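Asker: This is the structure I want to talk about, given as structure tokens.
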Amino acid sequence: MKKIKTPKETEKIINKRKISKLDIGCGANKQGPDWVGMDYRALPGVDIVQDLGLFPWPIADETFNLATASHVLEHISPLPVDPRITGLAQMLLDKKLVSKKDMDKYVGEIAPGPIFIRFMNEVWRILKPGGEFMASFPYPGSPGFWQDPTHINGINETTFDYFDPKGIFSNGQLWNIYKPKPFYVKINSWHLVGFSEVVLVKREFREDGKY
């Protein structure tokens with residue numbers, strides 16, 4: 001399978017199929033043929049082979065009307081990249097031991113900050129205005145969360161207040177801590193021993209931060 005490398009290559013797929021839906025972390029079970037599938041593994045149905053923790057993704061701004069991530073978010077690290085690694089990458093660039101082009105190809109952004117927040121900003125970027133992001137994930141502390149040794153990101157019903165300037169649990173105060181790209185929490189459903197589901201709507205970005 002050819003690895004998608006640029007936004008233009010992604011655009012060709014979309015134009016050919018006339019679709020505007022992205023299945024993030026689809027694995028071998030993409031939502032359907034009318035979706036673009038993205039995963040770090042080159043499995044059947046995967047159109048874009050991409051590590052979800054490397055940014056930016058090979059997708060142009062405001063490409064999709066809808067994006068979904070089923071049992072993906074709990075795998076996304078909430079931590080930033082080890083500063084020793086980012087320092088090493090910057091040293092290689094400064095000493096001209098590697099080119100910026102190669103760094104972009106193999107590493108992506110050197111210091112993207114907390115990965116989960118950067119992930120959410122990337123979802124916001126590739127959605128069209130008013131586009132929706134649907135996600136499902138196990139509630140932290142539930143058997144479904146602990147059973148998988150690769151689950152590292154605990155997300156509860158209040159987490160998405162950090163991404164909504166008018167979050168209902170904090171009246172926007174949690175969003176003010178990091179001020180990521182803004183969403184509106186349309187649906188927020190959770191079960192303490194089961195799974196959670198959210199639907200987020202892309203808000204318009206405001207330079208003054210007033211929503």
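The values are calculated or read from the model by the stated rules, or taken from the named source; none is laboratory data. What you see is a predicted model; the values in this text were computed from it and never measured. Virtual Cβ from ideal backbone geometry, glycine too; neighbours counted across all protein chains shown. The protein model used for the area step is the full one, side chains on, heavy atoms only, and it has no ligands, DNA or RNA in it. Shrake-Rupley method; radii C 1.70, N 1.55, O 1.52, S 1.80 Å.
Asker: Relative to a virtual label point 7 Å from the Cα of residue 77 in the Cα→beta-carbon direction, which members of the stretch 109-127 show backbone nitrogen distances below 11 Å?
Answerer: 112-116
Asker: Another question, then. For the stretch 1-74, which GluC sites (Glu not before Pro) pass both filters: DSSP loop (anything but H, G, I, E, B) and at most 14 other C-beta atoms within 10 Å?
Answerer: Numbers: sites: 9, 11, 62, 74; in loops: 62.
Passing both the DSSP loop test and the Cβ count: 62.
Asker: Go through 165-174, 88-97, 43-52 and give me the packing order, highest mean Cβ count within 10 Å leading.
Answerer: Top of the packing list down: 43-52, 165-174, 88-97.
Asker: Right, something else. In the full protein assembly as shown, how much of residue 6 is accessible to a 1.4 Å probe, in Å² to the nearest 10?
Answerer: Rounded to the nearest 10, that gives 60 Å².
Asker: Moving on. Determine the shape class of the stretch 1-135: with a ≥ b ≥ c the square roots of the Cα gyration tensor eigenvalues, call it rounded for a/c under 1.5, and otherwise prolate if a/b is greater than b/c, oblate otherwise. Each step should come with its number before you reach the end.
Answerer: Details: a/c = 1.98, a/b = 1.62, b/c = 1.22.
Prolate, since a/c reaches 1.5 and a/b exceeds b/c.
Asker: 222 nm [θ] for the chain, helices only, -39500 (n - 2.57) per DSSP H run of 4+, per residue, to 500? Display every interim value, and only then the final one.
Answerer: On the way: 6 runs with 50 residues, N = 211.
Using -39500 (n - 2.57) per qualifying helix, the result is -6500 deg cm²/dmol.
Asker: Another question, then. Can you compute the charge dipole magnitude of the chain about its Cα centre, using +1 on each Lys and Arg Cβ and -1 on each Asp and Glu Cβ, nothing else charged? Give it in debye, rounded to the nearest 20. Walk me through the intermediate numbers first.
Answerer: Numbers: 28 positive and 25 negative charges, 157 e Å.
It works out to roughly 760 debye.
Asker: Also, I was wondering about something else. Going down the table (8/105; 30/181; 12/105; 128/166; 105/179; 12/128), which pairs top 25 Å between alpha carbons? Walk me through the numbers before you get to the answer.
Answerer: Working: 8/105 15 Å; 30/181 27 Å; 12/105 20 Å; 128/166 20 Å; 105/179 28 Å; 12/128 17 Å.
Exceeds cut-off: 30/181; 105/179.
Asker: Quick one: among 100, 181, 128, which has the greatest mean-square fluctuation in a GNM of the chain with alpha-carbon springs under 10 angstrom?
Answerer: For the chain, modelled as a Gaussian network with Cα springs under 10 Å, the answer is 100.
Asker: Let me ask something else. Note down the nm distance, to one decimal, between modelled labels 7 Å out along Cα→Cβ at residue 173 and at residue 192.
Answerer: 2.4 nm
Asker: Report, ordered by chain and residue number, the aspartates and glutamates lying within cross-link reach of residue 95, taken as a straight Cα distance under 17 Å and ignoring same-chain residues fewer than 8 apart.
Answerer: Leaving aside aspartates and glutamates fewer than 8 places away in the same chain, those within reach of residue 95 are 104.
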